[in-house]
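Computed from the coordinates by the stated procedures, all read-outs in this text should not be read as laboratory data. This structure is a prediction, so every number in the text was calculated from the model and none was measured. Note that we place each Cβ from the backbone using ideal geometry, even for glycine, and neighbour counts take in every protein chain shown.
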Amino acid sequence: MSARYQRIQAMENDYSLTELCRAFAVSRSGYYDWCARQPSVRQQANEQLLEQIQTLRQSEEACYGSPRMTEELQARGYQCSANRIARLMRAHGLRAQAQPRFVPCTTDSDHDEPIAPNRLAERAPPAGPNQIWLQDLTYVPTAQGWLYLALVMDRWSRKIVGWAMADHLRSELVVRALQMAHTQRRPGKGLLVHSDRGVQYASRETRAFLARHGWEASMSRPGNPYDNAWMESAIGKIKGEVLGRTVPADHATAKRQLFVGIESWYNQRRRHSALGYQSPVAFETQFRKN
């Protein structure tokens, strides 16, 4: 019966109450009683949850569907189940905000530099940090022109451990990202560093950097992005959830947004289903405690 009353309430500005009560086969007195009735404890709790969901959707958490939204609410002290949050979001037309995909080509694999074998395919999944790193390049559109972003990710925790930005795709961009990762993590020899076959990763400068630290190169099979799917996924999340559909006015603005997005959002706060809905930093912190 309450569903009928709710529909009447929603349409009361467009039709007379007499017409609505007749159409939905309810009495005016019953409708007035329903309007005067105080909401139940559960209804009040649902309203609080919905208000919090709406607040979260004004920030980066707008990308969350019901499973991640449930984890976020529970972490904030709300008692709720995944089914309950899914029902609330569905009832109010709230969905994870999907972002458009951009697919320009940043990989130039038509070169004469040496290609490393796909050693990643032979390795067991990492059991701790600094065993396997993944690399990739992507572009960021701005009103000033393309900005290019090089990323290094720890395969184990999904944490972005190194990054660099520039208005070019020269090898030094890749080396700068690796240098940042080395400074932050100080991994030992034997680290596997996987990338696609792009000329920047096969270049003499990049190979020399890996050799100097005793790291081993690995490259995807030709034309197979699935070999580096974890990195591709991270790039999609960083660009889609940090920049969304907006186009930064210039490179400086994009760099500021990406800095905050990588360090504050993606590494510190974004919940990953593969990590038990923890952020990369929380996942690594939990590992060190154990």
Can you find, among THR246, TRP215, GLY236, the residue sitting farthest towards the positive end of the charge dipole of region 203-279, where Lys and Arg contribute +1 and Asp and Glu -1 at Cβ? THR246
Could you work out how far helix 229-238 tilts from the main Cα principal axis of the chain, as a 0 to 90 degree angle to the nearest 10? 60
Can you tell me the order of 160-167, 262-269 when each peptide is scored by its average per-residue count of other Cβ atoms within 10 angstrom, highest first? 160-167, 262-269
What's the extension gain from SER273 to GLN6 if we count 0.36 nm per residue and subtract their Cα-Cα distance? 92.5 nm
Farthest towards the positive end of the dipole of the chain, among HIS168, GLN43, ILE8 and with Cβ unit charges of +1 on Lys and Arg and -1 on Asp and Glu, lies the Cα of GLN43
If r is the Cβ-Cβ distance from GLN54 to SER27 and R0 is 25 Å, what FRET efficiency results, to the nearest 0.05? 0.15
Distance between modelled label sites at GLU47 and ALA211, nm, 7 Å Cα→Cβ extension: 7.0
Which shape class, rounded, prolate or oblate, goes with region 2-91 when its Cα gyration tensor gives a ≥ b ≥ c as root eigenvalues, a/c under 1.5 marks rounded, and past that a/b bigger than b/c marks prolate? prolate
Under the rule rounded for a/c under 1.5, else prolate if a/b exceeds b/c, else oblate, using alpha carbon gyration tensor axes a ≥ b ≥ c, region 240-290 is classed as oblate
Under the rule a/c < 1.5 gives rounded, and otherwise a/b versus b/c splits prolate from oblate, where does region 119-289 land using the Cα gyration tensor? oblate
Where does the chain land at 222 nm, in deg cm²/dmol rounded to the nearest 500, when only DSSP H runs of n ≥ 4 count, each adding -39500 (n - 2.57), divided by all residues? -12500 deg cm²/dmol
Please find the FRET efficiency linking LYS289 to GLN184, where r is the Cβ-Cβ separation and R0 is fixed at 22 Å, and quote it to the nearest 0.05. 0.65
Pull out the extension gain between GLU263 and THR246, defined as 0.36 nm times the separation in residues minus the alpha carbon to alpha carbon distance; nm, one decimal. 4.2 nm
Would you report the distance distribution of C-alpha pairs in region 118-218 as whole percents per 5 angstrom bin, up to the bin with the largest distance? 3, 14, 25, 26, 18, 9, 4, 2, 0
Mind checking the angle between helix 2-11 and the chain's longest principal axis? C-alpha axes, 0 to 90 degrees, to the nearest 10. 90
Give me the extension gain from CYS35 to ARG119: residue separation times 0.36 nm, minus the current Cα-Cα distance, reported in nm with one decimal. 23.5 nm
Given the convex hull of the Cα atoms of region 190-246, what is a quarter of its surface area in nm²? 5.1
Rounded to the nearest 10 degrees, what's the angle between the helix 204-213 long axis and the longest principal axis of the chain, both from Cα atoms, 0 to 90? 90
DSSP beta bridges in the chain [antiparallel fraction, %, rounded to 5]: 70
Hull surface divided by four, with the convex hull built on the Cα atoms of the chain: how many nm²? 20.1
Descending Cα extents along the principal axes, region 153-204, whole Å: 28, 20, 18
